[in-house]
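A.B. asks: Next up is a structure, given as structure tokens.
The values are calculated or read from the model by the stated rules, or taken from the named source; none is laboratory data. Bear in mind that the values here come from a model prediction, so they are computed numbers and not experimental data. All Cβ positions, glycine included, derive from the backbone under ideal geometry; neighbour counts span all protein chains shown.
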Amino acid sequence: MDKIDRILEKYGHQRSRIIQILNDIQKLQTYLRRDALEHVSRRLHIPLSRLYSLATFYSAFSLKPRGKHLVTVCMGTACHVRGAPAVLSRLEDRLKIKPGETTTDDEYTLKTVNCLGACALAPIVVVDEEYHGQTTADKVERLLAGYEKPKAKN
Amino acid sequence: MRSRRLRTKEYRLHLLVCAGTGCVANRSFEIKEELEKEIARKHLNDEIRVITTGCQGFCERGPIVIVQPDGIFYQQVKKRDIPHLVEEHLLKGRPVKELMYTPSPRETPVPRMMDIDFFRHQRLIVLRNRGRLDPENIEEYIGFDGYQALEKALTRMTPEQIIREVKISGLRGRGGAGFPTGRKWELCRRERGRKKYIICNGDEGDPGAFMDRSVLEADPHSVIEGMAIGAWAIGAHQGFIYVRSEYPLALKRLTIALAQAEDYGLLGDDILGTGFDFNADVVQGAGAFVCGEETALIASIEGRAGRPRPRPPYPSEKGLWGKPTNINNVETWANIPMIILRGAQWFSSIGTAKSKGTKIFSLVGKINNTGLVEVPMGISMRRIIYDIGGGIPKGKEFKAVQTGGPSGGCIPRTLLDLPIDYESLTQAGSMMGSGGMIVMDEDTCMVDVARYFLNFTQEESCGKCPPCRMGTKHMVYVLDRITRGQGKEGDIEFLEQIAENVKLSSLCGLGQTAANPVLTTIKYFRDEYEAHIKEKRCPALVCKELISYTIDAGLCGGCTVCAKNCPSAAISGEAKKVHTIDQQKCTKCGICISVCPSKFSAVKKVSPVLK
């Protein structure tokens, strides 16, 4: 909780900066843990229910833990017309999960985003922080191969 | 103070490496490192300097490297090209043809950036500094007349004079609705009360629009300068810049820029010794499209869920924390320094009678030259798509262009010569919006596009008012049914009816405009709806439930590639023999069609008429 206190410190314990605070906590822990939210609630005197309301309203926040790799599929208009739905459905079939879910072995979390603003690369899949442009359904297998377990151990 | 020393040093050549999001995704930072290494190896460090700049706009061709002062444009530069590039051009002075832009295989390479059609037809005001300066170094912005407008405004103009100037310029909000900026400022200025705020709306949520991201990444100081001028005119001392969380690079550069501006006394207390105080802070969004609506955005800055509230009162009366607040978007703010510096007359000489200046469009989708273009208002769609955008890839037929994001509509081929301004787009059933232009070709299904947008607005609807919450859901339901081949007679009329109701009775802009994609696609592409409903057929071969994949026995070479790649083992056939697809097993993922070698092109998509 020290790290969370430091985040609260950074924003001067101002209740109005709560969204920035949650953004930072999410970055730190990859999702909003219940104990973290309870801590923030006590420190800033914000009801836990209000934090829950914010955490569920804004799509950047997640209340569930994330897999080792975050696979984000851009579903912006440019990606859509260039074939993003086929890429997404291939990923769903391959990982056997829907967007927002995590594989049972905790390796991958699948997510969609509305637009990354890098439309020249459409359709785009971002794995962790790495952009993969012009992705098509047949490239999905090779793309995931780069993140399979043996390599992830290094 | 490293930058100060650098400035006094003269270099023979400058290499500008684009570091916008698109090029960074194409590993432009590796290109920069490699260039520096190679330059050091050839002992050219004292003669040549490598700079990373903001987005050049021609994202399709990234990573981009420009050699100045000659303006030689290199595109799609790869790591392995660097030794050759350094040796030939930088050392021996022979520009490398293979890395230049070539409009088509038959034509000769175009060496200079300004001779390339994509750049030649543009008129840069907001993007004036794009790709020519390092956005993380304030001195470079100052070197290109940066903060001169602020100095002029603070020392030689009264707030009233500034507002008059902005009014005469005819500048209208670039975020979508097109409200006259000068009038907005005047309303806020007139409000009593000592505490006022200004906000920069950088919550660029329209999918396919990324001009605000690019401005913030390439030239953050132009926005900050515009805001400082606006603050002086309105009488505000605190500003907020709200940026969506999907833009990490823009957030980073903006934060650096604000700190530097403060260091140089261009923000903070007693700016330029004039006694005027102004501070600005960055606020990061958290992924909610509706926060682009001004009252929702204000709620979000206040730390609440971003749900819009009814207007009036408008933010100019009661905005952030109940105080008078002026909101403009990124592109609007970035116009201000140029209007102050060069004058309202100059600005208003560009554009049409009611829409002045330029507009940035992001040209994306089925277009050869994807990228950002800044053009004078009044230019025709045809010139943007064909002269600048280079037309449609693979010789396909143009079908429509979607403007205005989820609030906009689809404009058909018959309106290609429409001069673009706020009024003409609204009249066509679309809107200017933030300036996204998504080009669609014959392979795009317009019913699927309408469903895509409605699905988007339905997910992003905040749920506060029932017409939007339920109306969008219902439209998605009907559109979904149509694309699955379960459309019924009367569905089109039913859609039109809900659309009209949602439009008239929704609380905010999101709901009021949500039906535009449906209404315009019905208006201009009714035949496609009818094909789906009556014939259970998707003419563009997009809707999964209405198409199937087959292998043309006359073309199949029996190479087995499709069978090997099929993830659901639906393809059978031996080597050198014709393959067949088991329709029961086929999941229609389309992999077979993309792996089938082009010498055969045997896999076909079909959508037969079903009664």
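A.B. asks: Restricting the search to segment B:140-177, which residues are buried (at least 22 other Cβ atoms within 10 Å of the Cβ) and more than 30 Å from the chain's Cα centre (by Cα)?
C.D. replies: B:Ala153 - this is the single residue of segment B:140-177 that is buried (at least 22 other Cβ atoms within 10 Å of the Cβ) and more than 30 Å from the chain's Cα centre (by Cα).
A.B. asks: While we're here: Kindly list the number of the only condition in (1) touching a Gly at 6+ places or on another chain (Cβ under 6 Å); (2) more than 8 Å from chain A (Cβ to nearest Cβ) that fails for B:Ala288.
C.D. replies: B:Ala288 satisfies every listed condition except (2).
A.B. asks: Are any residues in segment A:9-46 within 27 Å of A:Glu129 (Cβ to Cβ), aliphatic (A, V, I, L, M) and surrounded by fewer than 19 Cβ atoms within 10 Å (Cβ to Cβ), and if so, which ones?
C.D. replies: A:Leu28
A.B. asks: A further question on this structure: Which of the residues belonging to segment A:1-44 are in contact with a Phe, Trp or Tyr (Cβ under 9 Å, 6 or more places away or on another chain), away from every other protein chain (no Cβ under 13 Å) and either among the basic types (Lys, Arg) or free of Cβ contacts under 8 Å to residues at least 24 places away in the same chain (or both)?
C.D. replies: If the condition is that a residue be in contact with a Phe, Trp or Tyr (Cβ under 9 Å, 6 or more places away or on another chain), away from every other protein chain (no Cβ under 13 Å) and either among the basic types (Lys, Arg) or free of Cβ contacts under 8 Å to residues at least 24 places away in the same chain (or both), then A:Leu37 is the only one that fits.
A.B. asks: Filter segment B:462-506 for residues that are touching a His at 6+ places or on another chain (Cβ under 7 Å) and part of a helix (DSSP H, G or I); which is nearest to B:Phe289 (Cα to Cα)?
C.D. replies: Restricting to residues being touching a His at 6+ places or on another chain (Cβ under 7 Å) and part of a helix (DSSP H, G or I), the top hit is B:Ile498.
A.B. asks: Can you give me the ranges of the helices (runs of 4 or more DSSP H) entirely in segment A:3-79 with at least 1 residues that are at pLDDT below 95 and touching a helix residue (DSSP H, G or I) at 6+ places or on another chain (Cβ under 7 Å)?
C.D. replies: Ranges flagged: A:18-29.
A.B. asks: Does B:Pro180 fit the bill of being under 18 Å from the mean Cα position of the chain (by Cα) and either modelled with pLDDT under 95 or away from every other protein chain (no Cβ under 14 Å) (or both)?
C.D. replies: Spelling it out, it is not the case that B:Pro180 is under 18 Å from the mean Cα position of the chain (by Cα) and either modelled with pLDDT under 95 or away from every other protein chain (no Cβ under 14 Å) (or both).
A.B. asks: Just for segment B:424-443: of the residues that are part of a loop (DSSP other than H, G, I, E, B) and more than 18 Å from B:Ile522 (Cα to Cα), which one is farthest from the other protein chains (Cβ to nearest Cβ)?
C.D. replies: The qualifying residue farthest from the other protein chains (Cβ to nearest Cβ) is B:Met432.
A.B. asks: If you scan segment B:476-503, which residues turn out to be free of Cβ contacts under 8 Å to residues at least 24 places away in the same chain and farther than 15 Å from B:Ile533 by Cα?
C.D. replies: B:Gln497, B:Glu500, B:Lys503
A.B. asks: Here is a follow-up. Looking at (1) within 14 Å of another protein chain (Cβ to nearest Cβ); (2) surrounded by 13 or more Cβ atoms within 10 Å (Cβ to Cβ), which is the only condition B:Lys564 fails?
C.D. replies: Failed condition: (2).
A.B. asks: Could you look through segment B:153-186, keep only residues that are touching a Leu at 6+ places or on another chain (Cβ under 8 Å) and touching a residue at least 40 places away in the same chain (Cβ under 8 Å), and pick out the one that is farthest from B:Phe210 (Cα to Cα)?
C.D. replies: Per the criteria, the residue is B:Thr155.
A.B. asks: Please indicate, with yes or no, whether at least one residue in segment B:195-216 is surrounded by fewer than 24 Cβ atoms within 10 Å (Cβ to Cβ) and either without any contact (Cβ under 8 Å) to a residue 60 or more places away in the chain or away from chain A (no Cβ under 14 Å) (or both).
C.D. replies: Checked segment B:195-216: at least one residue is surrounded by fewer than 24 Cβ atoms within 10 Å (Cβ to Cβ) and either without any contact (Cβ under 8 Å) to a residue 60 or more places away in the chain or away from chain A (no Cβ under 14 Å) (or both).
A.B. asks: Hey, another quick one. Out of all the residues in segment B:252-282, which are under 13 Å from B:Val223 (Cα atoms) and assigned to a helix (DSSP H, G or I)?
C.D. replies: Result: B:Arg253, B:Leu254, B:Thr255, B:Ala257, B:Leu258, B:Ala261.
A.B. asks: Could you grab me the full set of residues in segment B:504-536 that are of a type in the set (A, V, I, L, M), in contact (Cβ under 8 Å) with a residue 24 or more places away in the chain and under 16 Å from B:Arg451 (Cβ atoms)?
C.D. replies: Once the filter is applied, which keeps residues that are of a type in the set (A, V, I, L, M), in contact (Cβ under 8 Å) with a residue 24 or more places away in the chain and under 16 Å from B:Arg451 (Cβ atoms), segment B:504-536 yields B:Ala514, B:Ala515, B:Val518, B:Leu519, B:Ile522, B:Ile533.
Rundown of residues vs (1) in contact with a helix residue (DSSP H, G or I) (Cβ under 7 Å, 6 or more places away or on another chain); (2) on the phi < 0 side of the Ramachandran plot, yes/no style:
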position: B:Pro324; (1), (2): yes, yes
position: B:Trp333; (1), (2): yes, yes
position: B:Ile340; (1), (2): yes, yes
position: B:Gly357; (1), (2): yes, no
position: B:Val373; (1), (2): yes, yes
position: B:Ser380; (1), (2): no, yes
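A.B. asks: Test each condition in (1) part of a loop (DSSP other than H, G, I, E, B); (2) within 30 Å of A:Ile124 (Cβ to Cβ); (3) modelled with pLDDT of 95 or more for B:Lys318 and report the one that comes out false.
C.D. replies: (2)
A.B. asks: Take the residues in segment B:23-77 that are surrounded by fewer than 20 Cβ atoms within 10 Å (Cβ to Cβ), within 14 Å of another protein chain (Cβ to nearest Cβ) and of a type in the set (D, E, K, R); name whichever of them is nearest to B:Ala218 (Cα to Cα).
C.D. replies: Looking at the filtered set, the residue picked out is B:Arg27.
A.B. asks: Could we say that B:Gly226 is more than 10 Å from every other protein chain (Cβ to nearest Cβ) and closer than 22 Å to B:Thr53 by Cβ here?
C.D. replies: When the stated conditions are applied, B:Gly226 passes them.
A.B. asks: Give B:Asp417, B:Asp448 a once-over and let me know the one that is over 23 Å from B:Phe58 (Cα atoms), outside any helix (DSSP H, G or I) and at pLDDT 95 or above.
C.D. replies: B:Asp417
A.B. asks: I need the full set of residues from segment B:491-502 which are surrounded by 17 or more Cβ atoms within 10 Å (Cβ to Cβ) and under 9 Å from B:Gly471 (Cβ atoms), in order please.
C.D. replies: B:Ile498, B:Ala499, B:Val502
For every residue, the table says whether it meets (1) in contact with a strand residue (DSSP E or B) (Cβ under 8 Å, 6 or more places away or on another chain); (2) assigned to a helix (DSSP H, G or I); (3) in contact (Cβ under 8 Å) with a residue 12 or more places away in the chain; (4) at the interface with chain B (Cβ under 8 Å from one of its Cβ atoms).
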| site | (1), (2), (3), (4) |
| --- | --- |
| A:Arg90 | no, yes, yes, yes |
| A:Asp93 | no, yes, no, yes |
| A:Thr135 | yes, no, yes, no |
| A:Arg142 | no, yes, no, no |
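A.B. asks: Go over the candidates B:Ile340, B:Ile298, B:Ile336 one by one and state the one that is over 22 Å from B:Arg213 (Cα atoms), of a type outside the set (Gly, Ala, Ser), assigned to a helix (DSSP H, G or I) and not assigned by TED's automatic domain parsing to the domain that holds B:Gly62.
C.D. replies: None of the others qualify; the one that does is B:Ile340.
A.B. asks: With respect to B:Lys536, determine if the residue is of a type outside the set (Asp, Glu) and touching a strand residue (DSSP E or B) at 6+ places or on another chain (Cβ under 7 Å).
C.D. replies: So B:Lys536 fails the test.
A.B. asks: Scan (1) at pLDDT 90 or above; (2) touching a helix residue (DSSP H, G or I) at 6+ places or on another chain (Cβ under 7 Å); (3) within 13 Å of A:Gly76 (Cβ to Cβ) for the single condition A:Ala120 breaks and write down its number.
C.D. replies: Answer for A:Ala120: the failing condition is (1).
A.B. asks: Can you say whether B:Thr513 is assigned to a helix (DSSP H, G or I) and closer than 30 Å to B:Pro313 by Cβ, as far as the supplied structure shows?
C.D. replies: It is true that B:Thr513 is assigned to a helix (DSSP H, G or I) and closer than 30 Å to B:Pro313 by Cβ.
A.B. asks: I would also like to ask the following. List the helices (runs of 4 or more DSSP H) that sit entirely inside segment B:178-249 and contain at least 2 residues that are basic (Lys, Arg).
C.D. replies: In segment B:178-249, B:181-190 are the helices (runs of 4 or more DSSP H) which contain 2 or more residues that are basic (Lys, Arg).
A.B. asks: On to the next question. Of the residues that make up segment B:466-479, is at least one modelled with pLDDT of 95 or more, charged (D, E, K, R) and over 23 Å from B:Ala177 (Cβ atoms)?
C.D. replies: Yes: segment B:466-479 contains one or more residues that are modelled with pLDDT of 95 or more, charged (D, E, K, R) and over 23 Å from B:Ala177 (Cβ atoms).
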